[in-house]
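One structure below.
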Amino acid sequence: MHDAAKESKMIRDFENIIIKTVCRAIIPFIQLYGLYVIAHGHYSPGGGFQGGCILAASFILMVLAYDIKEMKKRMSEKINTILCSTGVIIYTGIGLLCVILGANFLDYGILEIILPADAEHSRSLGILGVEIGVGFTVMAVMVSIFLNIASAGEHEDGEQG
Amino acid sequence: MIWQLDFILLVIVVICAIAAISVKDLLSSAILLGAYSFLLCLLWTEMGAVDVAFTEATVGAGISTAFFIGAIYHTSRRTKD
Amino acid sequence: MEAMDYIISKYNYWMYIILMMIGFYAMIAKKNLVKKIVGMNIFQTAIILFFISTASKKGGASIPIIQNGHGSATDIINTAHYVNPLPHVLMLTAIVVMVSTFGVAIALLLMLYKKYNTLEEDEIISILKTENGK
Amino acid sequence: MKVLALIAVLLTTAMLGYATLDMPGWGDPSSPASTHVSPVYIQEAYKKTATPNIVTAVLADYRSYDTLGETVVIFTAGVVCMMLLRKVK
Amino acid sequence: MTENAAALIILVPLMASFINLVVGLRWKEVCYPLTVATLGATVLLSFSIIQTVISKGTITYEFAGWAPPWGIAYVIDHLNAFMLAIVSFIGLVVSVYSKKSIEKDLPKKTAHFYTLFLLLVAGLLGILATGDAFNLFVFLEISSLAGYALIAVGDDRAPLASFNYVIMGTIGACFYLLGVGYLYIATGSLNMADLAGLLPNLYGSKVVLGAFAFMIVGVAIKIAFFPLHKWLPDAYTHAPSAVSAFVSSTMTKVGAYVMIRIMFTVFEPQFSTEILPASAMLGWLAVAAMLYGCVRAIAQTDAKRMLSYIIIAEVGYIVMGVSVGNRMGFTGAVLHILNDAFMMACLFLAVGAVEYKTGTRSLNSFGNLYKKMPVTMAAITIGGLSIVGIPPTAGFFSKWYLVLGAIGAGQWVFAAALLISSLLTAVIFFKILVNIYFGPQPAADLQGNGAAVISEAPVSMLFPISIMAAGVLSLGFLSGKIISSVIQFTVPGGF
């Protein structure tokens, strides 16, 4: 009886090690893939939203494999909250930059004044800029919603979600 | 596009939807919902909506299932209907 | 036979109606709050299915990404070769709205569970009634 | 309650089915949805924005304001969850 | 600057809300002044917009520089500009008011509260300004999500009320989206002006009919129109007082605006009167809403719940004015949107102040309160008289136009129902007023265990209340001018 419990604990620990090692190995690749999806949205399916979700998924995987504390070492709650705002501020900021340069809101064509590109390519770059903004916000918000739901609002207890 | 394949997918989608709302175990309901989202995502890929399918795959089948399971973990798993 | 053809020519629309009504029924008739949220999800995805169905084109239309795009910007692009991109754009937005509503609903669900320790609507209402009776 | 819900569902189904009768067939390339606004996107999006993925071009340029709204919706959901669930010591 | 005002009026509150969240991490006390300053700027922008519209006519602002059917455009005419001014002004007043009550209700979440409040205002302004049917849906969801959360942080019952609101609101928004989809499949366009040009050829189509039905039903859920009103009393009763003041005075009105847009801009007025008998149906339901709201309001003992039922009746007035389909009725409906926003804000703010001081919303606790809270009680008096429709107050004028409109359309029953429901509100409010001025003091207070001595509310609450009460009075005197300078241009052609 006692031995059986001990053995099952050992198996659990062992499985835990496998899970942790595998996650440690694949999380960087997931994040790289997320960045690729954001940056390559012009040429293939994807974009800020999908890439942001994949980045968030890598953090969620970290929470599942380790615990919330381990994930918070990488991204604290404060940084998360700031990132939530940063994304939308990047988006509106690019839009307002266009207004300052004398065009309508979000009219990236005008960015050719400050970018070394013609109007078409500055539109393309403008799209990239807003996609990055979207990616930031989506990643931060998805992680924050998941943390709040998985721990019912008590991150500090380090409860495993 | 092959309409037979499309039709079979749609029928499975409807079965998944009915199962998701009628099963008594909420965790199964969450997983069935994930399967439902994933099948819809296949359907949309087949219709040529690759971006939407990608989003649905990351959101519907991925993130929202994670939210759901996180919520069920904190609440009860059984239900009466 | 003609009626049959007519129905088959729109089978996608009939299917979305069925899905939507499954979701709608779950939203208003189910007592369990989680089931209501599941219904909400099905309801919204059914609308997305409808929009995507409007976008599709028969006759070999491909995904809305310009092929061999590099360098051929001056070519005239045949519209019939690509499916309609606009509903896809709208539905990307709608999926985001869907997941946001879902997150908010789950947050409220957790609040309710913390308060009443149950997820059945009728039990919550009976708890509220006994509270009122006091 | 269940009966009322069924009646509501049947009424809505009837309305949906009635409206569907007049819709153009599925995948009809000459339906208004495929001929009024969207051809311009397909023909011009690549030339004007240098982005082969038309969906991205329309999402983040032609209808970029919708996408801003979408991002704000996500942001709102994040703030909502922080406010409703996060416990502050 | 002035040509960008149309976009900035949405972007300023949005930007401020993003900054608010970050600033709130460190300095929570900055959020309140930031919010008030932002909404002040919004009010100034809305006044500049209304001036531009009056002097130069409709403003069209093309986002991203693409022409309307392909890009998204803001189209601001007299009706939008008018509504923008109402919503941003009430937002400013309520944000000033919210300081004390939020410090009491939500001491730790003030930053989040103000972030969401700004998002709610921005969402409502976005609904009002946009000329694109799908963009309207996006902003509808921003405002709804913010609204769900703000309602959920109220008292004990609030989360359940808010959950029901989420379910109903999602059904409403999805029906609206489905209607937009039907319009898209029938015409291939999403722009309202473009749709208005394309639709008249398609009026016989069943798809267009379905689109109209689903859009109207969706909006009717959002404005709590009679058979679909179940969520409203719970949600508005249990919300924090500042939130229920803002939400009750603006959200249903914005929904009514969307209804007006759908019925008279996207579709032609003839569609809803001749091709589909929607107007008549809406009118009869509006009659039912007026009577039902007032009858249910009589039985309530909770002040906020009573006011919530009155909102259902007021929505009935507005829809009735829209549905009679003539110039007088429409003028009355638009004027009533303005008056009702002010009246409801005034009453909810005053009730909130009473709740803040006495800790209860029960109407019995109002007994003989005028000695202790004279300004608040004066505001309740003015607001109540205005809801009943006593001449110098604003409510009288809009009801006058509504009655004239109903009589002009030959709908005597509508006019009679309006008068009956006015009588019922008179019963309610005279009961309350008698209680305030001559009623017995509540028992708890007499026994001396009413904790603190009840005194007048703090200045940051009193000032908004008195502004609103003064507004209700002065709108009555100014109604002629408002009609001649703004409202008469909003009446759709063909009336």
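What tally of residues in segment E:111-135 results from selecting those that are more than 18 Å from residue D:74 (Cβ to Cβ) and within 10 Å of chain D (Cβ to nearest Cβ)?
Within segment E:111-135, the subset more than 18 Å from residue D:74 (Cβ to Cβ) is E:111, E:113-114, E:117, E:121, E:124-125, E:127-133.
Next, only the ones that are within 10 Å of chain D (Cβ to nearest Cβ) stay: E:111, E:113, E:130, E:132.
The number of residues fulfilling the criteria is 4.
Among the residues of segment A:67-77, are any free of Cβ contacts under 8 Å to residues at least 40 places away in the same chain, of a type outside the set (Asp, Glu), surrounded by fewer than 17 Cβ atoms within 10 Å (Cβ to Cβ) and assigned to a helix (DSSP H, G or I)?
Yes - at least one qualifying residue is present in segment A:67-77.
Any idea which of D:77, D:33, D:60, D:8 is within 30 Å of residue E:203 (Cβ to Cβ), at the interface with another protein chain (Cβ under 7 Å from one of its Cβ atoms) and at pLDDT 85 or above?
That would be D:8, the only listed residue that is within 30 Å of residue E:203 (Cβ to Cβ), at the interface with another protein chain (Cβ under 7 Å from one of its Cβ atoms) and at pLDDT 85 or above.
Wholly within segment D:1-67, which helices (runs of 4 or more DSSP H) include no fewer than the required count, namely at least 1 residues that are of a type in the set (Phe, Trp, Tyr)?
On the way: elements: D:2-20, D:32-35, D:38-49, D:54-57.
The helices (runs of 4 or more DSSP H) meeting that bar are D:2-20, D:38-49.
For segment D:38-64, how many residues are farther than 19 Å from residue A:40 by Cα and open to solvent by 10 Å² or more (accessible area, probe 1.4 Å)?
Result for segment D:38-64: 4.
So the check is Cβ under 9 Å with 6+ separation or different chains; which pairs have a first residue in segment E:212-231 that's at positive phi and a second one that's assigned to a loop (DSSP other than H, G, I, E, B) and surrounded by fewer than 22 Cβ atoms within 10 Å (Cβ to Cβ)?
These pairs meet every condition: E:224/E:230.
Looking at residue A:92, is it in a helix (DSSP H, G or I), over 23 Å from residue D:54 (Cα atoms) and open to solvent by less than 20 Å² (accessible area, probe 1.4 Å)?
Criteria not met by residue A:92.
In segment A:101-138, what count of residues is obtained for those that are outside any helix (DSSP H, G or I) and open to solvent by 10 Å² or more (accessible area, probe 1.4 Å)?
Residues flagged as outside any helix (DSSP H, G or I) and open to solvent by 10 Å² or more (accessible area, probe 1.4 Å) within segment A:101-138 amount to 10.
Do the conditions hold for residue A:55, that is, is it closer than 30 Å to residue A:20 by Cβ and touching a residue at least 40 places away in the same chain (Cβ under 8 Å)?
Against the criterion (closer than 30 Å to residue A:20 by Cβ and touching a residue at least 40 places away in the same chain (Cβ under 8 Å)), residue A:55 qualifies.
Residues that are in contact (Cβ under 8 Å) with a residue 24 or more places away in the chain, open to solvent by 10 Å² or more (accessible area, probe 1.4 Å) and in contact with an Asp or Glu (Cβ under 9 Å, 6 or more places away or on another chain): does segment E:159-166 have at least one?
Yes: segment E:159-166 contains one or more residues that are in contact (Cβ under 8 Å) with a residue 24 or more places away in the chain, open to solvent by 10 Å² or more (accessible area, probe 1.4 Å) and in contact with an Asp or Glu (Cβ under 9 Å, 6 or more places away or on another chain).
Per-residue answers, yes or no, for (1) hydroxyl-bearing (Ser, Thr, Tyr); (2) in contact with a Gly (Cβ under 8 Å, 6 or more places away or on another chain):
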{"site": "E:20", "(1), (2)": "no, no"}
{"site": "E:24", "(1), (2)": "no, no"}
{"site": "E:42", "(1), (2)": "yes, yes"}
{"site": "E:59", "(1), (2)": "no, no"}
{"site": "E:69", "(1), (2)": "no, no"}
{"site": "E:75", "(1), (2)": "no, yes"}
{"site": "E:81", "(1), (2)": "no, no"}
{"site": "E:99", "(1), (2)": "no, no"}
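Where in segment B:1-78 are the helices (runs of 4 or more DSSP H), entirely inside, with at least 2 residues that are open to solvent by 30 Å² or more (accessible area, probe 1.4 Å) and touching a residue at least 24 places away in the same chain (Cβ under 8 Å)?
Details: elements: B:3-22, B:26-47, B:50-58, B:64-74.
The helices (runs of 4 or more DSSP H) meeting that bar are B:3-22, B:26-47.
Is it the case that residue A:35 is at pLDDT below 90, open to solvent by 80 Å² or more (accessible area, probe 1.4 Å) and closer than 24 Å to residue B:66 by Cα? Before the answer, list the steps.
Details: at pLDDT below 90: no; open to solvent by 80 Å² or more (accessible area, probe 1.4 Å): yes; closer than 24 Å to residue B:66 by Cα: yes.
No.
Considering only residues that are crowded, with 18+ Cβ neighbours inside 10 Å and not in a helix (DSSP H, G or I), which ones fall in segment E:194-211?
Answer for segment E:194-211, where residues must be crowded, with 18+ Cβ neighbours inside 10 Å and not in a helix (DSSP H, G or I): just E:205.
Return yes when residue E:176 is buried (at least 24 other Cβ atoms within 10 Å of the Cβ), at negative phi and facing chain D (nearest Cβ under 8 Å) and no when it is not. Even if it seems obvious, please write down each step before you answer.
On the way: buried (at least 24 other Cβ atoms within 10 Å of the Cβ): yes; at negative phi: yes; facing chain D (nearest Cβ under 8 Å): no.
Taking the combined requirement at face value, the residue does not satisfy it.
Pairs under 8 Å by beta carbon, first residue at positive phi in segment C:49-66, partner open to solvent by 10 Å² or more (accessible area, probe 1.4 Å), six or more apart or different chains?
Pairs found: C:59/C:80; C:59/D:29; C:60/C:81.
Kindly indicate whether any position in segment E:250-260 is charged (D, E, K, R), closer than 22 Å to residue E:278 by Cβ and open to solvent by 10 Å² or more (accessible area, probe 1.4 Å).
no
Hey, can you tell me all the residues within segment A:107-135 that are within 14 Å of chain E (Cβ to nearest Cβ), under 21 Å from the mean Cα position of the chain (by Cα) and within 18 Å of residue E:65 (Cα to Cα)?
Scanning segment A:107-135 gives A:126, A:127, A:129, A:130.
Mind checking which helices (runs of 4 or more DSSP H) fall wholly inside segment C:1-74 and carry at least 2 residues that are open to solvent by less than 30 Å² (accessible area, probe 1.4 Å), among the aromatic types (Phe, Trp, Tyr) and modelled with pLDDT of 80 or more?
Answer list for segment C:1-74: C:11-29, C:33-55.
Against the definition (among the β-branched types (Val, Ile, Thr), at pLDDT below 85 and not in a helix (DSSP H, G or I)), how does residue E:486 come out, yes or no?
So residue E:486 does not fit the description; no.
Just one of (1) at the interface with another protein chain (Cβ under 7 Å from one of its Cβ atoms); (2) open to solvent by 10 Å² or more (accessible area, probe 1.4 Å); (3) more than 26 Å from residue B:31 (Cβ to Cβ); (4) not hydrophobic (A, V, I, L, M, F, W, C) trips up residue C:93, so point out which.
(2)
Take residue E:332 and decide whether it is modelled with pLDDT under 90, crowded, with 24+ Cβ neighbours inside 10 Å and on the phi > 0 side of the Ramachandran plot.
So residue E:332 fails the test.
Here is a check on your reading of the model: is residue E:274 of a type in the set (D, E, K, R) and within 13 Å of the chain's Cα centre (by Cα)?
Criteria not met by residue E:274.
Right, residue C:78: open to solvent by 20 Å² or more (accessible area, probe 1.4 Å) and at the interface with chain D (Cβ under 9 Å from one of its Cβ atoms) or not?
When the stated conditions are applied, residue C:78 passes them.
May I ask you to list the residues in segment C:13-35 that are touching a residue at least 24 places away in the same chain (Cβ under 8 Å) and basic (Lys, Arg)?
Answer for segment C:13-35, where residues must be touching a residue at least 24 places away in the same chain (Cβ under 8 Å) and basic (Lys, Arg): just C:31.
The values are calculated or read from the model by the stated rules, or taken from the named source; none is laboratory data. Just so it is clear, the structure is predicted and the values come from calculations on it, not from any experiment. Cβ atoms come from the backbone with ideal geometry, glycine included; neighbour counts cover every protein chain shown. Accessible surface areas use protein heavy atoms only, side chains included; no ligands, DNA or RNA. Shrake-Rupley method; radii C 1.70, N 1.55, O 1.52, S 1.80 Å.
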